[in-house]
Amino acid sequence: MSSPGYVWEKMFVAVHCLCGEGTFKKRIADATTAALIRLNDEDLDGDLAQDLKFILDRTKRNMKAGIIQRDFDELERDELIKRMLHVLAETTGSERS
């Protein structure tokens, strides 16, 4: 199990990648390879664990050879971003732990 600070750091990098240029599929692939691939479901517990599992199901476990396999519809993309921001916000302050 990683510390909440480690999860915060990786989620920060991932969100930063989402703010870059290119298609959403490219940006989420960048976020995955730069940070999310290093996280595991058990790195958080409670409600945040559910969010992290959702995130990793659509990123880390949806990637093959550096390419996101399945596309996202608008609702799923919005839900993914919302959960990423929730994990980032809830682990803020942990980065100094």
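The values are calculated or read from the model by the stated rules, or taken from the named source; none is laboratory data. Given the structure is predicted, the values throughout are model-derived calculations rather than measurements. All Cβ positions, even for glycine, are placed from backbone atoms using ideal geometry, and neighbour counts span all protein chains on display.
Remarks
- Residues that are closer than 14 Å to LEU18 by Cβ and in contact (Cβ under 8 Å) with a residue 60 or more places away in the chain, drawn from the range 61-97: ILE81, MET84, LEU85, VAL87, LEU88
- Any hit, the range 55-68, residues being at pLDDT below 95, charged (D, E, K, R), part of a helix (DSSP H, G or I) and at negative phi: no
- Residue in the range 36-53 that is hydrophobic (A, V, I, L, M, F, W, C), part of a helix (DSSP H, G or I) and farther than 14 Å from VAL87 by Cβ present: yes
- Hits in the range 59-86 (condition: under 14 Å from the mean Cα position of the chain (by Cα) and either among the hydrophobic types (A, V, I, L, M, F, W, C) or within 17 Å of VAL13 (Cα to Cα) (or both)): THR59, LYS60, MET63, ILE68, LEU80, ILE81, LYS82, ARG83, MET84, LEU85, HIS86
- Hey, ASP71 surrounded by fewer than 14 Cβ atoms within 10 Å (Cβ to Cβ), out of contact with any strand residue (DSSP E or B) (no Cβ under 9 Å at 6 or more places or on another chain) and outside any helix (DSSP H, G or I) or not: yes
- Only a single item in (1) surrounded by 16 or more Cβ atoms within 10 Å (Cβ to Cβ); (2) under 23 Å from SER2 (Cα atoms); (3) not hydrophobic (A, V, I, L, M, F, W, C) is not met by ARG27, and it is number (2).
- Taking each residue of the range 31-60 that is buried (at least 20 other Cβ atoms within 10 Å of the Cβ) and looking for partners that are in a loop (DSSP other than H, G, I, E, B) and aromatic (Phe, Trp, Tyr) with beta-carbon atoms closer than 8 Å, six or more apart or interchain, yields ARG58/PHE72.
- Selection count where residues are aliphatic (A, V, I, L, M) and at pLDDT below 95, scope the range 1-20: 1
- Residues of the range 21-54 that turn out to be among the small types (Gly, Ala, Ser) and either touching a Cys at 6+ places or on another chain (Cβ under 8 Å) or at pLDDT below 95 (or both), as a count: 4
- Of all residues in the range 87-97 being over 12 Å from the mean Cα position of the chain (by Cα) and outside any loop (DSSP other than H, G, I, E, B), the one that is surrounded by the fewest Cβ atoms within 10 Å (Cβ to Cβ): ARG96
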